[in-house]
1. Counting only other residues whose beta carbon sits under 9 Å from that of residue 285, what net charge do I get with K and R as +1, D and E as -1?
2. For the stretch 127-214, just the Cα atoms, rotate onto the principal axes and tell me the three extents in Å, largest first.
3. If a/c stays under 1.5 just call it rounded; otherwise compare a/b with b/c (prolate if a/b is bigger, oblate if not). Do that for the chain, with a ≥ b ≥ c from the square roots of the Cα gyration tensor eigenvalues.
4. In whole angstrom, how far apart do the alpha carbon centroids of the stretch 338-368 and the stretch 86-102 sit?
5. Averaged over all directions, how much area does the convex hull of the C-alpha atoms of the stretch 179-255 cover when projected, in nm²?
6. Hand me the chymotrypsin sites (Phe, Trp or Tyr not before Pro) from the stretch 112-176 located in a DSSP loop with no more than 16 other Cβ atoms within 10 Å, in residue order please.
7. Can you tally the net charge around residue 313? Count Lys and Arg as +1, Asp and Glu as -1, for every other residue whose Cβ sits under 15 Å from the Cβ of residue 313.
8. Report ³J(HN,Hα) in whole Hz for each residue of the stretch 269-284, in order, from the Karplus equation J = 6.51 cos²θ - 1.76 cosθ + 1.60 where θ = phi - 60°; Gly and Pro get x.
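All of the numbers you see were taken from the coordinates with simple rules; none came from a lab. Computed from a predicted model, the values in this text were never measured in an experiment. Every residue, glycine as well, gets a Cβ built from its backbone with ideal geometry; the counts of neighbours run over all protein chains shown.
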Amino acid sequence: MRALLMNTKLSTISLAVISSMLAAPIMAANFDSPDSVENTIAQQKEQQLDWRAKLAEDGFTFGADYFALGLTSGDGASGDSVDASSGVARLYGSWTLLGKDTKNSGNLVWKVEHRHAYGDTAPKDYSFGPLGYVGAIGPAFSDQGFRVTDLNWKQKINDGKGTIIVGWQDVTNYADVYALASPWSGFTNLAFSTGSGAMGLPDDGVLALSAGHMLGENFYVVGGIADANGKSDDIFDGFDTAFGSDASYFTTLELGWTASQEQIYTDNFHVTLWDFGDDTRHSNSSSAEGGKGVNFSWSQFMTPQIMPFVRGGFSEGDVAIYDKSLSVGMGYFGLGKATNNLGVAVNWAEVNGDSFEADAKAISGNTEQWTAELYYNMQFGDHLQVTPDIQYIKDPAFSNEDSAWVFGVRARVFI
């Protein structure tokens with residue numbers, strides 16, 4: 001009984017810490033990731049001016065931010081110095097049109113972005129390009145231009161115990177989510193984010209249907225079906241790609257356990273099954289066979305501020321980066337002050353055999369890679385975050401180098 005009371009107290013304190021940073025109760029009710037539109041806005045309530053607060057009272061909330069990411073390494077694929085940099089401007093909002101101030105509200109959610117490189121190489125093209133690393137560092141930081149990431153209807157059901165979302169959405173907001181998955185505030189390397197590199201992913205703004213619901217007090221289910229051919233920079237083409245004769249789909253089914261719905265991203269264990277259709281541009285080989293796999297994730301607060309995690313996955317086909325991946329790490333929330341957090345993790349991965357193994361053996365002789373990342377997300381004042389980041393890669397598979405150090409800085413200005 002004493003142990004139970006101590007664990008309950010620990011969970012309560014941990015929830016208070018993470019709530020101050022990530023608006024966890026709101027996220028849990030929505031079955032959305034920390035980076036979803038409504039949860040991002042919820043984190044900015046203290047910075048809202050009076051007129052924005054008045055709009056929020058009427059059910060209309062919005063926010064805007066600008067990100068910049070710079071990466072550099074002296075250990076490029078040919079032993080040279082290689083750099084990449086990019087910026088992302090985002091405008092997003094949510095409008096409650098049904099059931100305002102009830103647990104069964106309905107919201108129109110939107111997010112538009114402009115992603116642009118500062119130089120010749122964007123971070124999205126950095127890993128496989130000049131760095132010679134089979135992986136993805138900063139994949140959200142591209143040179144795509146204007147895009148729509150969210151334009152959907154979100155309906156809460158059964159007194160907030162479930163959520164249904166239909167429309168254009170980011171599949172990483174509902175698949176294999178945990179507290180440090182966001183590329184905007186957490187780890188930069190995909191090995192420590194959604195899928196651990198062992199999951200094929202479509203564009204992060206495609207026509208999709210997703211739903212999540214609690215199964216009692218602790219168990220839950222989340223699933224979705226998304227257009228595997230959709231393009232976030234041409235969303236209305238999604239009617240053709242999602243319903244045409246050549247349609248392919250990305251489907252997921254996740255079963256999980258959580259200490260409570262409010263702690264769904266912190267004290268959590270889940271298994272995610274996924275399938276990616278064939279004949280899409282996301283295949284990494286000429287056979288365009290698609291893929292399938294299973295991912296798993298465990299995370300739990302061991303102290304009021306320290307959350308270790310173990311994540312990974314196994315994949316078949318040619319859409320995932322890795323056939324096997326295992327990540328172990330921890331997050332330290334509230335380090336220095338309540339709005340700061342630190343993350344550190346190590347990943348082992350085996351490159352996709354269908355897509356990259358032959359080239360990896362020809363270039364470096366390596367088909368297994370080790371990756372480590374350390375970052376510290378710091379907030380200054382009410383509108384600025386700066387995140388220094390350092391990564392070490394052992395045996396990069398497409399490089400002539402035995403190892404590579406990558407240094408990065410991510411900055412965010414937000415209102």
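1. -3
2. 50, 28, 22
3. rounded
4. Their Cα centres are 35 Å away from one another.
5. Quarter of the Cα hull surface area: 6.4 nm².
6. Of the chymotrypsin sites (Phe, Trp or Tyr not before Pro), the ones in loops of the stretch 112-176 whose Cβ has at most 16 other Cβ atoms within 10 Å are 118.
7. Charge balance in the 15 Å sphere: -3.
8. 9, 8, 10, 10, 9, 9, 9, 10, x, 8, 6, 10, 6, 8, 5, 9
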